[in-house]
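First the structure, in the form of structure tokens, and then the observations on it.
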């Protein structure tokens, strides 16, 4: 995918102004909602800073030795640090965990460990082989475990010359305040509809399950890259299967335990984001018979039926429960299937 996303243009220009004014920081925190291309922006930035003959707009030339090495993932002055499986789970708890347990069995969390940060600090201490920057990308940075975050803090306080740390995260609050305060922040925001929809329309592969780009974007909470993944016909059909199963639960026509097993399949975090979106639309319908927008307009008749049969306080309660369910299942070590069973059983009881 092209790194030059249209909603990045202003942020790129602001960074180039900072670079031209010789006000480059030693650490940048690239933060904002998921699905906005923060990692793409970070890689674009790293490649441009390492380029031997950048363009007038500050872009990498794509032809020099440095650009070729970067493209081949072999540049000696660039390092990417990503989470690894934590085999000693519990000794050094992550700042943000994995989806948790399934069927009562504990899953090993993936974190950025202290050994990785120590290796990174050693890498940054070496003289750049090409005489420019030493750049490290941490993605997602919120997966630093506590010991790793403390080790990184020492480097942030006394950074080696010509080094740049790029910390990418959709959940900056999970980083220690001491780490956040030592980084200059680049904040990413969801683009306007007028920018996102044309880009999405141009990147959707046409299929028999054609869905309007704006519908995809609404379902993705306004994040174009997430919306693009929804354009996959199989994933869109999976969404339809899940909503129909949930409809059966609410009508008392199926076993909540079996539905929980079904919902465990595939991307659980994505499944739960859809669940939150449906309940958000239910509140909109309950508060206004003609809401200005729905995130799931294609499910309108089903949502109307759900909203009509439940009191407002019940709908708010279910939305809160869906949000808690997503948070617990994606950030803590829990028995996710049991939580799903409880959620669906409660929904059946409230019909």
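Worth pointing out:
- Extension gain, residue 13 back to residue 338 (0.36 nm per residue minus Cα-Cα distance, nm): 112.1 nm
- Subtracting the Cα-Cα distance of residue 317 and residue 146 from their residue separation scaled by 0.36 nm leaves 58.1 nm.
- Fewest-first ranking of 286, 134, using other Cβ atoms within 10 Å as the exposure measure: 286, 134
- Mean projected area in nm² (Cα convex hull; one quarter of hull surface) for segment 301-351: 3.8 nm²
- Neighbour-count ranking [beta-carbon atoms within 10 angstrom, fewest first] of 41, 70: 70, 41
- In terms of overall dimensions, the C-alpha atoms belonging to the chain reach 68, 48, 32 Å along their principal axes, ordered largest to smallest.
- By other beta-carbon atoms within 10 Å, ranking 152, 328 with the fewest at the front produces 328, 152.
- Between residue 240 and residue 127, the C-beta separation translates, for a Förster distance of 41 Å, into a calculated FRET efficiency of about 0.15.
- DSSP beta bridge pairing in segment 6-187, given as percent antiparallel to the nearest 5: 15 percent
- Counting DSSP beta bridges with both ends in the chain, the antiparallel % (nearest 5): 15 percent
- Annotation: extensible slack from residue 262 through residue 214 equals 14.5 nm (criterion: 0.36 nm per residue apart, minus Cα-Cα distance).
- Across the alpha-carbon set of segment 6-187, the Rg to Rh ratio works out to 0.98, Rh being the Kirkwood radius.
- Two-decimal log10 I(q)/I(0) for segment 180-281, as the Debye equation yields it once each C-alpha is a single scatterer, q = 0.12, 0.13, 0.16 Å⁻¹: -0.50, -0.57, -0.78
- Take the Cβ atoms of residue 63 and residue 195, set R0 to 30 Å, and the FRET efficiency comes out at 0.50.
- Calculation over all alpha carbon pairs of segment 158-237 in 10 angstrom steps from 0 returns a P(r) of 15, 35, 22, 19, 8, 1 percent.
- In this rough spin-label picture, where each label sits 7 Å from Cα along the Cβ direction, the residue 301-residue 284 distance is 2.0 nm.
- Percent of alpha-carbon pairs separated by more than 13 Å within segment 11-62: 61 percent
- Nearest-0.05 FRET efficiency for residue 20 and residue 327, computed from C-beta distance (R0 45 Å): 0.60
- Over all distinct Cα-Cα pairs of segment 232-349, the Kirkwood formula returns a hydrodynamic radius of 14.5 Å.
- Residue 178 versus residue 205: modelled label distance in nm, points set 7 Å from Cα along the beta carbon direction: 4.8 nm
Read the figures in this text as sums done on the coordinates, not as results from a lab. Computed from a predicted structure; not experimentally measured. As a convention, Cβ positions derive from the backbone with ideal geometry for all residues, glycine included, and neighbour counts pool all protein chains shown.
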